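In what follows, a structure is listed as structure tokens, so that the remarks can point back to it.
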Amino acid sequence: MKIGKGLAERAGVLKIFAGNLKRRRLILGWNQEDSASYLGVSRAEYNKYEAAKARPSDEVCVKLVEHFKLPLAQYFRLNESYQLRFFRKLKRQTQRDAALIEQVTIDASRKLKDYAFLEEVTGAKIPEERYFLRDAPKRREDLVQTATKVRGFFKDHGLYDNELLGRVIENLGVKVIEMPFQVSGCFGFTLKLDERRVAIVVNTDKNISRERRLFTLAHELGHILLHSHGPSIEDIDDESAEKLENEANAFAASLLMPEDAFDEEWNMTSGVSWLDRVLAVKQAFRVSYKTVLWHLNERKSHPDAKLSVYAMFGQQYLQRFGKSLAGNVEPFPYSFQNQSLPRYASLCRTAYEKGEISLSRLAELLGISYTQARDLSREWC
């Protein structure tokens, strides 16, 4: 019996190692032959590692850490399970993209679990009566009306400016996890470990504007409220997925730019050019210019019926500034002052000062080196 258990445990460890090793290889963009060469083994031997049929020797493990740039313990770490990852698969998703997204999901799951741990040891749990998902409107019949109700709910909890959205969401129990994805076209997703551990994961790659990150927060919040009790967006057909995405977009635009407030701002700018009106509204609500255009497109409110609002904006912008907007470039980006999310870091500090975590654990939680954590702790005052 003991022997059988030992074999089962060993097989389980090898399977964990194999999965983590393969994902790391794909992230690095290598094939098995490349990896075998770096480790100084045959391709057949390396294939056994990824097939969970053999464990590398100590000598190979040293090379694994050296060439794959990942601590050995990470290869044997069991990944956190989750109930739901509400994420739309990329249309042209490579194996590397899939591996990166899987790694981001793993990292976000661990951080969400760490978040819950920190709240527990510091006594900073969100009170049950303040937990957002318990009382927030969830009806799908009228997305604008739902967004208006949620906006009012948030306003009662301190949302007097859009750039505070992340902070308000966190204070109401839904975690916001920011990390770079390195995956083009992926701005964020919703992650749910259980009913009380729900997070919005936002891509912070440097080429993604702060306005786009803000829209991602609102968009994923829409998925949480409207779709989290249905099938994952990854498990349905493209047409149904497109419908859910459009609903989340409509919710986000209405949440960030309520109808009455938008009308007031748009009418106040009637004395300037259409291009300047779009840019003025964009600044007023701290949103992307594409969010304003989406709103105008829904109303069919543009100066030339022959052109879409997107084409009109591009044409006028090119005429005015002599260049086109490409990719995720945001014209006249707003200088955000209050969009940072300090709660997680504050919980880390409190846990450390209460003696609940060590300095090395502090470094791990913050994703910094031991030396950096030591220096940071000395700077706290």
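The values are calculated or read from the model by the stated rules, or taken from the named source; none is laboratory data. Just so we're clear, the structure is a prediction, and the values are computed from it rather than from any experiment. Please note: Cβ atoms are built from the backbone with ideal geometry, for glycine as well, and neighbour counts cover all protein chains shown. Note: accessible area is taken over every heavy atom of the protein model, side chains too, but ligands, DNA and RNA are not part of it. Shrake-Rupley method; radii C 1.70, N 1.55, O 1.52, S 1.80 Å.
Assess whether Gly185 counts as being surrounded by 19 or more Cβ atoms within 10 Å (Cβ to Cβ) and in contact with a Leu (Cβ under 9 Å, 6 or more places away or on another chain).
So Gly185 fails the test.
Would a scan of region 87-102 turn up a residue that is open to solvent by 30 Å² or more (accessible area, probe 1.4 Å), touching a strand residue (DSSP E or B) at 6+ places or on another chain (Cβ under 8 Å), of a type in the set (Phe, Trp, Tyr) and not in a helix (DSSP H, G or I)?
No: zero hits.
Looking at region 157-173, I want the residues that are at positive phi and in contact (Cβ under 8 Å) with a residue 24 or more places away in the chain and have a partner that is crowded, with 19+ Cβ neighbours inside 10 Å and of a type in the set (Phe, Trp, Tyr) with Cβ atoms under 9 Å, at least 6 apart or on another chain. Which pairs are those?
Gly173/Phe132
Just one of Tyr46, Tyr82 is under 30 Å from His223 (Cα atoms), in contact with a helix residue (DSSP H, G or I) (Cβ under 6 Å, 6 or more places away or on another chain) and of a type in the set (Ser, Thr, Tyr); which is it?
Of Tyr46, Tyr82, the one residue that is under 30 Å from His223 (Cα atoms), in contact with a helix residue (DSSP H, G or I) (Cβ under 6 Å, 6 or more places away or on another chain) and of a type in the set (Ser, Thr, Tyr) is Tyr82.
Looking at region 286-298, can you tell me whether even one residue there is under 22 Å from Phe153 (Cβ atoms), open to solvent by 20 Å² or more (accessible area, probe 1.4 Å) and within 24 Å of the chain's Cα centre (by Cα)?
Yes: one or more hits.
Given the criterion at pLDDT below 95, in contact with a Lys or Arg (Cβ under 9 Å, 6 or more places away or on another chain) and more than 26 Å from Gly185 (Cα to Cα), identify the matching residue among Tyr344, Tyr334.
The match here is Tyr344.
Determine the pairs where a residue that is under 21 Å from Glu178 (Cα atoms), located within region 343-359, has a partner that is among the hydroxyl-bearing types (Ser, Thr, Tyr) and open to solvent by less than 50 Å² (accessible area, probe 1.4 Å) with Cβ atoms under 6 Å apart, the partner being 6 or more residues away or on another chain.
That search, which allows pairs on different chains as well, returns Leu347/Thr122; Thr350/Thr122; Ala351/Thr122.
Quick check on region 223-238: of everything there that is in contact (Cβ under 8 Å) with a residue 60 or more places away in the chain and either closer than 17 Å to Asn328 by Cβ or in a helix (DSSP H, G or I) (or both), which residue is most open to solvent (accessible area, probe 1.4 Å)?
Glu234
Is it fair to say Leu325 is surrounded by 14 or more Cβ atoms within 10 Å (Cβ to Cβ) and either outside any helix (DSSP H, G or I) or of a type outside the set (A, V, I, L, M) (or both)?
Here the answer is yes, as Leu325 does meet what is asked.
Kindly check whether there is at least one residue in region 148-161 that is touching a strand residue (DSSP E or B) at 6+ places or on another chain (Cβ under 9 Å), at pLDDT 85 or above and under 23 Å from Leu279 (Cα atoms).
no
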